[in-house]
Amino acid sequence: MKVLLTLFFILSLLKADEISRIDVIVSEITHLRSDYDECKKELKFKSKSLIAKIHKLEKELKIKNNLLKTKDKIIKKLRKEENYFPKLMMKDKFVKDNQELLIFKARAYHLKYDSIIYDKINGKKISKWEKSTSFTSSVKTKSWIKITGYFINRKWTKAKKEMWVKIQQVEKK
């Protein structure tokens with residue numbers, strides 16, 4: 001009988017251990033379920049805000065795509081036209097006495113005889129240069145040529161101020 005009682009006592013202790021373990025597992029499961037529910041709610045909230053951002057970005061993308069399409073249409077239309085830039089006009093200060101400026105590749109010139117140098121077309125006299133003085137130019141009108149640079153001791157120097165000379169006093173070098 002003693003053996004039987006001892007066995008019964010040991011079995012009851014073993015069973016009590018299992019019950020406490022099951023209780024701990026059940027409490028952990030309930031804790032995990034509550035965490036899961038919180039995460040699920042948070043995920044729903046974040047997904048709604050992300051979906052809203054996606055819709056906003058999609059709208060912006062549609063607007064920008066429409067702008068690109070219209071720009072492409074305009075460019076294609078302009079390319080079909082012969083001259084798709086408006087006719088450019090010279091500023092009044094460059095158009096003097098109905099003389100349009102002609103811009104060309106810079107060349108070297110020299111004076112045929114002693115000449116007066118002016119600060120602008122039909123402007124004030126600023127200097128007098130001797131015959132055979134060499135200079136460069138890339139701008140002219142029908143009756144004037146602009147001095148863009150000149151030579152001092154065979155060394156070219158860029159003109160620091162605007163200088164003009166009458167074209168009849170000049171010849172190409």
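Details
- Residue count for region 110-135, restricted to those that are of a type in the set (A, V, I, L, M) and touching an Asp or Glu at 6+ places or on another chain (Cβ under 9 Å): 3
- Boolean, Glu100 is at pLDDT 85 or above and surrounded by 10 or more Cβ atoms within 10 Å (Cβ to Cβ): no
- Test for Phe151: is it in the same structural domain as Lys112 (by TED's automatic domain parsing) and modelled with pLDDT of 90 or more: no
- Candidate set: region 107-137, residues that are of a type in the set (Ser, Thr, Tyr) and outside any loop (DSSP other than H, G, I, E, B); chosen: the one nearest to Lys173 (Cα to Cα): Tyr109
- Condition met for Ser27 (of a type in the set (Gly, Ala, Ser), assigned to a helix (DSSP H, G or I) and modelled with pLDDT of 80 or more): yes
The values are calculated or read from the model by the stated rules, or taken from the named source; none is laboratory data. In this text the structure is predicted, and so the values were computed from the model without any measurement. Every residue, glycine among them, receives a Cβ derived from its backbone with ideal geometry; neighbour counts consider all protein chains shown.
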